[in-house]
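Asker: Attaching a single structure in C-alpha cells format; questions to follow.
The values are calculated or read from the model by the stated rules, or taken from the named source; none is laboratory data. The model shown is predicted, which means the values in this text are computed figures rather than measured ones. Cβ atoms come from the backbone with ideal geometry, glycine included; neighbour counts cover every protein chain shown.
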Amino acid sequence: MRPLVYAHLDADGITSARIATLSAIYKDATVQFTPPLSFGVRDIDPTGAKSLLCLDIGSTKETIEQLAEWSDTMQVILIDHHPTDVNLMKYQSPTFRIIHDVDNCTAGLTLNTMLTAGVVPEEKRCWAETWAIVGIYGDVAKDKLNANALLQELERTHPHLISQLGSKYSLWYLQAANVVANTLNAGRKYAFSTGAKIAYNSLVEAEQLGNPFALTQPLPLPLWSVYPNIVLLQELKRRFTAVEIPEATVYDLKHIAVAMFTSAFDMGAAVAKKTSRWLNKPVIAINDGILQGSYRLNGRGEGLDLNLLMQYTKLELVKLGFKETELTGGGHPSAVGGLIPAGDFGEVIQALGRASIAMVEGEADVSDGEEFI
C-alpha cells in the first residue's frame, strides 16, 4: 500500500505535490491531479491507499465532510489556502489534520509542514525550498502576508532565484500546468492530465539537471534527448504565450463588468485582467468555447470579494432553474474561476449583476447556501 497525493492542477498544486514527494513519507506516493478546471475530491477514490494527502483542492463543506469520512479508515491530511466559511477546527482529529492559511499559498504551507515534521532529507531541502518559491510566484501569492514572510526567509539562501522571479515572470505567472494543458488540446478530456504529468516530470528533470532555471532557460541541443519534458514545456509555453488575447463583448454593470468571448484556449484570466484595468472594476470573463455545453468563468479585480460573488451568483442561478450540482468554481477574493451549464446568457448576466448589487448594498443572504468552489 502506498500513500496517495491528490493535488490541484495548477502551479501551486503541482509544486506542492513535488515538495511532498521530496519527503521521506511521500517519496513513493502515487500522485494524481484534479480534473480540468476542478477543485474538490469528487473525482478520486482512495480505496487501497495507505494514507491520503490533499493539496490546494479547496475547503468546501462537501470536501471536508468527504475527507472526514475517509479519515475513519486512513490518515488524511488537507493543506489548503482557499477562503472558506467551514469551521475547520470542528473536523480536526488524530486521523484528519487540516492545515489552512489564506495568507499563504499551498506550496509554502507544504514546505513548512514537511520541514517542521523533519521528513525532508537535507540533500533535498534546497529543491523543496526552490519549488516553494516557484509555487508562491506561480500562484501570484507573493504579496500575501505569510507567503511574503517565507520568501524573505528563503531569500537568504536563494537570493539569485528570488531576484529573477517577478510578477511578470511569464512561465509561472501564466500557470505552468495550464499553459501545457491548453496548448496540447484545449477542452479535450485528458489534455489537462497529460499537461500536469509533463509539468510534474519537468520539475523532476530540472532537479536532475541541478538548475532551478531549467524550465525557462534555453537548453543546449545535446541535452534535448536527456530532458525532453523541459524542452516540450518550453515549446508549449512559447506557443501558448503567442496566442493573442481575444476580443470580448463587454457588459458594464453597476459594480462589476462581464466580458463575453469565444476561444478554444483558456484565456479568461487574461481577458478579465485586461478589461478590469480598462474599466477599473472587477470583471467576470465568460468563455463559451472551452467545453461544449458549458461556460467557463474567470474573475479578476479588486474592491469586491469575487469568491463571495460566486457564492451569491450561484444562489441567483439556482433561482432561475440552474442545477446546483452543475455550478462549480471558486478561488480567492481577487481571482476566481468556475464552470456553469450553458444557457440563456442574459440570465447569467442578470444573476451576476443582482449578486454584485446585493453584496455592495447589503441585501445578500447566503445563510442557507454552501460555499461556491
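Asker: Criterion first (of a type in the set (S, T, Y) and part of a loop (DSSP other than H, G, I, E, B)) does T73 satisfy it? Working first, answer last.
Answerer: Details: of a type in the set (S, T, Y): yes; part of a loop (DSSP other than H, G, I, E, B): yes.
So T73 passes the test.
Asker: While we're on this one: Filtering the stretch 102-142 down to residues that are free of Cβ contacts under 8 Å to residues at least 60 places away in the same chain, part of a loop (DSSP other than H, G, I, E, B) and in contact with a helix residue (DSSP H, G or I) (Cβ under 6 Å, 6 or more places away or on another chain), which residue is surrounded by the most Cβ atoms within 10 Å (Cβ to Cβ)?
Answerer: Across the stretch 102-142, the extreme among qualifying residues is N104.
Asker: Please state which one of T34, T21, T63, T84 is farther than 20 Å from G338 by Cα and of a type in the set (S, T, N, Q).
Answerer: Values: T34 fails: farther than 20 Å from G338 by Cα; T63 fails: farther than 20 Å from G338 by Cα; T84 fails: farther than 20 Å from G338 by Cα.
Testing whether each residue is farther than 20 Å from G338 by Cα and of a type in the set (S, T, N, Q) leaves just T21.
Asker: Filter the stretch 42-60 down to the residues that are aliphatic (A, V, I, L, M) and buried (at least 24 other Cβ atoms within 10 Å of the Cβ), then identify the one that is nearest to M74 (Cα to Cα). Before you say what the answer is, go through the steps one by one.
Answerer: Step one: list which residues in the stretch 42-60 are aliphatic (A, V, I, L, M), which gives 44, 49, 52-53, 55, 57.
From what's left, buried (at least 24 other Cβ atoms within 10 Å of the Cβ): 53, 55, 57.
Values: L53: 11, L55: 17, I57: 19 Å.
Within the stretch 42-60, the match that is nearest to M74 (Cα to Cα) is L53.
Asker: Output the residue which, of all residues in the stretch 179-209 that are small (G, A, S) and in a helix (DSSP H, G or I), is modelled with the lowest pLDDT. Reasoning before the result, please.
Answerer: Start the filter on the stretch 179-209 by keeping residues that are small (G, A, S), which leaves 181, 186-187, 191, 193, 195-196, 199, 202, 206.
Checking the rest, the ones that are also in a helix (DSSP H, G or I) come to 181, 191, 193, 195-196, 199, 202, 206.
Details: A181: 65, A191: 60, S193: 70, G195: 77, A196: 81, A199: 82, S202: 84, A206: 85.
Among residues in the stretch 179-209 that are small (G, A, S) and in a helix (DSSP H, G or I), the one modelled with the lowest pLDDT is A191.
Asker: Which one of these does D344 not meet: (1) at pLDDT below 90; (2) farther than 21 Å from L291 by Cα?
Answerer: Result: D344 fails condition (2) only.
Asker: Return the only residue of P212, P159 being at pLDDT below 80, within 18 Å of A128 (Cα to Cα) and in the same structural domain as L109 (by TED's automatic domain parsing). Full working, then the answer.
Answerer: On the way: P159 fails: at pLDDT below 80.
Result: P212 is the single residue among P212, P159 that is at pLDDT below 80, within 18 Å of A128 (Cα to Cα) and in the same structural domain as L109 (by TED's automatic domain parsing).
Asker: Return the residue satisfying two criteria in turn: it lies in the stretch 254-273 and is over 22 Å from the mean Cα position of the chain (by Cα) and surrounded by fewer than 19 Cβ atoms within 10 Å (Cβ to Cβ), and of such residues it is nearest to A285 (Cα to Cα).
Answerer: Looking at the filtered set, the residue picked out is M260.
Asker: Examine the stretch 276-290 for a residue that is modelled with pLDDT under 90, buried (at least 17 other Cβ atoms within 10 Å of the Cβ) and either on the phi < 0 side of the Ramachandran plot or of a type outside the set (F, W, Y) (or both), and state whether such a residue exists. Give the derivation first.
Answerer: Within the stretch 276-290, the first condition is being modelled with pLDDT under 90, and the residues that meet it are 289-290.
Adding the requirement that they be buried (at least 17 other Cβ atoms within 10 Å of the Cβ) leaves 289-290.
From what is left, the residues that are either on the phi < 0 side of the Ramachandran plot or of a type outside the set (F, W, Y) (or both) are 289-290.
Yes, the stretch 276-290 has at least one match.
Asker: From L37, L55, grab the single residue that is under 29 Å from Y295 (Cβ atoms) and modelled with pLDDT of 95 or more.
Answerer: Numbers: L37 fails: modelled with pLDDT of 95 or more.
That would be L55, the only listed residue that is under 29 Å from Y295 (Cβ atoms) and modelled with pLDDT of 95 or more.
Asker: Anything in the stretch 27-41 that is crowded, with 24+ Cβ neighbours inside 10 Å and touching a residue at least 60 places away in the same chain (Cβ under 8 Å)? List them, or say none.
Answerer: F33, P36, F39, listed by residue number.
Asker: Which residues, counting only those in the stretch 12-25, are in contact with a Leu (Cβ under 9 Å, 6 or more places away or on another chain) and either assigned to a helix (DSSP H, G or I) or crowded, with 24+ Cβ neighbours inside 10 Å (or both)?
Answerer: D12, G13, I14, T15, S16, A17, R18, I19, A20
Asker: Next up: Going residue by residue through the stretch 262-272, is there one that turns out to be part of a helix (DSSP H, G or I), touching a residue at least 60 places away in the same chain (Cβ under 8 Å) and either touching a Phe, Trp or Tyr at 6+ places or on another chain (Cβ under 8 Å) or under 25 Å from K237 (Cα atoms) (or both)? Walk me through it before giving the result.
Answerer: The initial filter retains those residues of the stretch 262-272 that are part of a helix (DSSP H, G or I), namely 268-272.
Filter once more, keeping what is touching a residue at least 60 places away in the same chain (Cβ under 8 Å): 268-269.
Add one more test, that the residue is either touching a Phe, Trp or Tyr at 6+ places or on another chain (Cβ under 8 Å) or under 25 Å from K237 (Cα atoms) (or both), and what stays is 268-269.
So far as the stretch 262-272 goes, yes, one or more of its residues are part of a helix (DSSP H, G or I), touching a residue at least 60 places away in the same chain (Cβ under 8 Å) and either touching a Phe, Trp or Tyr at 6+ places or on another chain (Cβ under 8 Å) or under 25 Å from K237 (Cα atoms) (or both).
Asker: Among the residues in the stretch 237-254, are any part of a helix (DSSP H, G or I), of a type in the set (A, V, I, L, M) and either at pLDDT 70 or above or not assigned by TED's automatic domain parsing to the domain that holds S16 (or both)? Before you say what the answer is, go through the steps one by one.
Answerer: Start the filter on the stretch 237-254 by keeping residues that are part of a helix (DSSP H, G or I), which leaves 237-241.
Adding the requirement that they be of a type in the set (A, V, I, L, M) leaves none.
Taking every residue of the stretch 237-254 in turn, none turns out to be part of a helix (DSSP H, G or I), of a type in the set (A, V, I, L, M) and either at pLDDT 70 or above or not assigned by TED's automatic domain parsing to the domain that holds S16 (or both).
Asker: Return the residue satisfying two criteria in turn: it lies in the stretch 224-245 and is under 22 Å from W131 (Cα atoms) and of a type in the set (A, V, I, L, M), and of such residues it is surrounded by the fewest Cβ atoms within 10 Å (Cβ to Cβ).
Answerer: V226
Asker: Further question on the same structure: Going through the stretch 61-73 one residue at a time, which ones are of a type in the set (S, T, Y) and either more than 24 Å from D103 (Cα to Cα) or surrounded by fewer than 23 Cβ atoms within 10 Å (Cβ to Cβ) (or both)?
Answerer: S71, T73, listed by residue number.
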